[in-house]
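First the structure, in the form of structure tokens, and then the observations on it.
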Amino acid sequence: MKPVRRGNRPITDAEAFALRWRRVRRDLVGPVSRLYGGVCDHEALLERMRAMMEGHWAKRPAALKALDLWRDLDPEWFLSEEVAAYVFYVDRFCGTLKALPDRLGYLESLGVRYAHMMPLLQPRPGDSDGGYAVMDYRRIDPKLGTMRDFEAACAAMRERRISPCIDLVLNHTAEEHEWARKAREGDPHYQAFYRMYDDEAEPQAFEASLLEVFPEQAPGNFTWIDGIPGPNGGKWVWTTFNSFQWDLNWANPEVFLAILDTILHLANRGVEVFRLDAVAFMWKRMGTTCQNLPEVHDILQALTQATRVAAPAVIHKAEAIVGPRELVPYLGAGRHEGRASQLAYHNNLMVQFWSALASRDTRLMTHVMRTHFPERFRRAAFAPYIRCHDDIGWAITPEDTAHVPGMEAPAHRAFLADFYTGQFPGSFARGADFQSNPETGDRRTNGSFASLAGLETALEAGDPEAIDLAVRRILLGHALIASYGGVPLLYMGDELGLLNDHSYLDDPARAGDGRWMQRPAMDWERAAEAPDTDAPHGRIWRGTRAILATRAATPQLASHVGTRVLDAGEGVFAYERLAEDRPVTCLCNFTDGERLAHVPVPANAVDLLTGTAPKREGDAVRLAPYAALWLRA
Ligand code: GLC
């Protein structure tokens, strides 16, 4: 590698690239040699990567290079207390990409700095798993617009300091993707992009230790595809999700290069955050569940570090919906510390929120959050959320319930599934089972935030007290994700309390997938009323906006500040944000009654959300039903 000589003049573009490559190469050599050293000359592979990255850098638009420089100097920009995200489907939010710039004012008024547009690359026709079966990564779904519209929408977001985020599905492509098409025709180069088998011996051997993601709609992990040239007139193809989603073979360095090429191409169109979909499944090894294998972390580090060279403004968010132990490495553990994806979904906080809400008991939550997660990460943070477009999987382990007297994991999981489908006596929730697996007893749950939190049943009953409690539960959730640390993800409609949507049942391409229940269209009428009405949607909207505004004005809530979980008794979840100047103590009452929290709080502390002093009783703080308090001296 030639050294870069410093001159007495501003750095040139080419020198900037060369310096970044030098800085990052040492974080690429390890993963690339471990992943591919056995199948190719990894030095030559690194050279191909460098050439490809240099090509993208040369074509990167000036406006994005300007952003690169800002972010190079402020690489932890996403950890700021001002960064909060909004997650939405473009069609359900505003129709098309062309219409999006006119709706950015709404996001701005809520306090959003990061906009996740749900899958928008060209999906296969018909059922596309909500856009997660992509047939062309370089085209926008024609229903939403063109690549030009996308670039214009990204530019409009940049103007307002909102970072555009899109999904990149890298575990699988649609069977209609060009790579899959060529593989089907018999092209060996592209057959090696997937995992294909002439007979069922190997698939069956793998199945012995694999789990099923969609046991109801797509049982098994392999699909027989007729007509692929071979001795048996077809081949078995690895399909973890639906049969039309073919798993990519990441053991092939050509797949790595092709996806990196895709990332950098899209980064140059204006993407600032890539949500890397279903990453847990990317590497396969016989005799394992083929989830969370160490190689996955090498792939993610290599993709993140390569992106830092050719598009430094861009960060990655890993979507790994896994148990607590498996989750932490996605933000960089051991050799990957400070080098992995910058963000990862905090599905465990999400599960614990719903678990504590149903049981009015925070002991499991306190144990899980305290035991499994470090107080902070290096150059990375979680993305906490309460709801998203997917179902809730009750990831609760016996090892954790063992710490709560009287609680057992299978019974608690069944209780949660019963509670949130409304079957449990006295439940306020209205949701539905998803992918029940009679063999394992596993049941997952669908439903919108508001319906699961009791707003639907309360409105139906016309019961003002129940409505009030539901609103409080929703604001408790928003306050939790806004203060816990990490980038809070607000899911479209949850700022207005949108209820379950059953209209998907009328659309044959969606009717088979109950997750559409929590993907309602945006209700702009309600949004327009929200600032002034006393109806639930007004209270929720104004409460959410106030929560995000308070967060943005509180540097102690930034994501680089550590979070320590405290013990505050059975119904209260408490944590301290460990700022060196003025730490913030956050208290969440998960019950419908008043509660006392016995945690040390400075005498002069004020609740930042209301600007008032908390009610005290001796050394304890008194909390109203479902109250969230952020106490700072
Ligand atoms: C992710 C998505 C989910 C999709 C799956 C397969 O988990 O969130 O909606 O079904 O990946 O792409």
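The values are calculated or read from the model by the stated rules, or taken from the named source; none is laboratory data. Since the structure is predicted, the reported quantities are computational estimates derived from the model, not experimental observations. FYI the Cβ positions are ideal-geometry reconstructions off the backbone, even for glycines, and counts take in every protein chain you see.
When R379, R360, R325, R335 are checked against the criterion of being closer than 29 Å to Y137 by Cα, away from the ligand (no atom under 16 Å from the Cβ) and surrounded by fewer than 20 Cβ atoms within 10 Å (Cβ to Cβ), a single residue qualifies: R379.
Within segment 415-442, restricting attention to residues that are among the small types (G, A, S) and out of contact with any strand residue (DSSP E or B) (no Cβ under 7 Å at 6 or more places or on another chain), the residue that is farthest from V471 (Cα to Cα) is G441. Of the residues making up segment 54-66, those that are within 16 Å of V271 (Cα to Cα) and of a type outside the set (G, A, S) are H56, W57, K59, R60, P61, L64, K65.
The single residue among I259, I263 that is in contact with a strand residue (DSSP E or B) (Cβ under 7 Å, 6 or more places away or on another chain) and either within 16 Å of the ligand (Cβ to nearest atom) or aliphatic (A, V, I, L, M) (or both) turns out to be I263. Taking the criterion of being assigned to a loop (DSSP other than H, G, I, E, B) and either in contact with a helix residue (DSSP H, G or I) (Cβ under 8 Å, 6 or more places away or on another chain) or farther than 30 Å from I162 by Cα (or both), would at least one residue in segment 10-26 satisfy it? Within segment 10-26, one or more residues are assigned to a loop (DSSP other than H, G, I, E, B) and either in contact with a helix residue (DSSP H, G or I) (Cβ under 8 Å, 6 or more places away or on another chain) or farther than 30 Å from I162 by Cα (or both). Output the residues belonging to segment 612-633 that are over 14 Å from V584 (Cβ atoms) and in a loop (DSSP other than H, G, I, E, B). If the condition is that a residue be over 14 Å from V584 (Cβ atoms) and in a loop (DSSP other than H, G, I, E, B), then A613, G618, D619, A624, P625, Y626, A627 are the ones that fit.
Has segment 436-451 got any residue that is hydrophobic (A, V, I, L, M, F, W, C), touching a residue at least 40 places away in the same chain (Cβ under 8 Å) and farther than 17 Å from I386 by Cα? For segment 436-451, residues hydrophobic (A, V, I, L, M, F, W, C), touching a residue at least 40 places away in the same chain (Cβ under 8 Å) and farther than 17 Å from I386 by Cα: absent.
Please determine whether any residue of segment 165-174 is over 19 Å from L264 (Cα atoms) and within 16 Å of the ligand (Cβ to nearest atom). Checking segment 165-174: at least one residue is over 19 Å from L264 (Cα atoms) and within 16 Å of the ligand (Cβ to nearest atom). Taken over segment 523-546, residues that are touching a Phe, Trp or Tyr at 6+ places or on another chain (Cβ under 9 Å) and surrounded by 17 or more Cβ atoms within 10 Å (Cβ to Cβ) amount to 3. Scanning segment 160-179 for residues that are of a type in the set (K, R) and in contact with a helix residue (DSSP H, G or I) (Cβ under 8 Å, 6 or more places away or on another chain) yields one hit, R160.
Matching residues to (1) crowded, with 20+ Cβ neighbours inside 10 Å; (2) within 16 Å of the ligand (Cβ to nearest atom); (3) under 25 Å from F150 (Cα atoms):
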residue	(1), (2), (3)
N252	no, no, no
L276	yes, yes, yes
L293	no, no, no
L300	yes, yes, no
Q342	yes, no, yes
Q352	yes, no, no
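Residues in segment 166-176 include at least one that is surrounded by 14 or more Cβ atoms within 10 Å (Cβ to Cβ), polar (S, T, N, Q) and not in a loop (DSSP other than H, G, I, E, B). Just to be sure before I move on: is K235 over 30 Å from E108 (Cβ atoms), away from the ligand (no atom under 16 Å from the Cβ) and either in a helix (DSSP H, G or I) or among the hydrophobic types (A, V, I, L, M, F, W, C) (or both) in the structure I sent? Considered against the rule, which asks whether it is over 30 Å from E108 (Cβ atoms), away from the ligand (no atom under 16 Å from the Cβ) and either in a helix (DSSP H, G or I) or among the hydrophobic types (A, V, I, L, M, F, W, C) (or both), K235 comes out as no.
Only residues that are of a type in the set (K, R) and in a loop (DSSP other than H, G, I, E, B) were counted across segment 149-165, and they come to 2.
In the set R577, R519, only one residue is at pLDDT 95 or above, buried (at least 20 other Cβ atoms within 10 Å of the Cβ), within 16 Å of the ligand (Cβ to nearest atom) and not aliphatic (A, V, I, L, M); that residue is R519. For segment 184-224, filtered to residues that are in contact (Cβ under 8 Å) with a residue 12 or more places away in the chain, in a loop (DSSP other than H, G, I, E, B) and more than 31 Å from the chain's Cα centre (by Cα), the residue that is nearest to I259 (Cα to Cα) is G186.
From the list G270, G287, the lone residue that is outside any helix (DSSP H, G or I) and surrounded by 22 or more Cβ atoms within 10 Å (Cβ to Cβ) is G270. Hey, could you check segment 502-516 for residues that are assigned to a helix (DSSP H, G or I) and within 16 Å of the ligand (Cβ to nearest atom) and say which is surrounded by the fewest Cβ atoms within 10 Å (Cβ to Cβ)? In this case the residue turns out to be Y504.
Residues of segment 567-584 that are assigned to a strand (DSSP E or B) and more than 18 Å from G486 (Cβ to Cβ): V572 alone. Being modelled with pLDDT of 95 or more, closer than 30 Å to A453 by Cβ and either in contact with a Ser or Thr (Cβ under 9 Å, 6 or more places away or on another chain) or part of a loop (DSSP other than H, G, I, E, B) (or both) holds for only one residue in A344, A340, A356, and it is A356. Test N268 against the stated conditions and say whether it is of a type in the set (S, T, N, Q), more than 16 Å from the ligand (Cβ to nearest atom) and within 22 Å of P188 (Cβ to Cβ). For N268, the condition - of a type in the set (S, T, N, Q), more than 16 Å from the ligand (Cβ to nearest atom) and within 22 Å of P188 (Cβ to Cβ) - is not met. Scanning segment 267-303 for residues that are more than 21 Å from R158 (Cα to Cα), within 16 Å of the chain's Cα centre (by Cα) and among the β-branched types (V, I, T) returns a single hit, V279. R378 falls short on exactly one of the conditions (1) part of a loop (DSSP other than H, G, I, E, B); (2) of a type outside the set (D, E); (3) touching a Ser or Thr at 6+ places or on another chain (Cβ under 9 Å), and that condition is (3).
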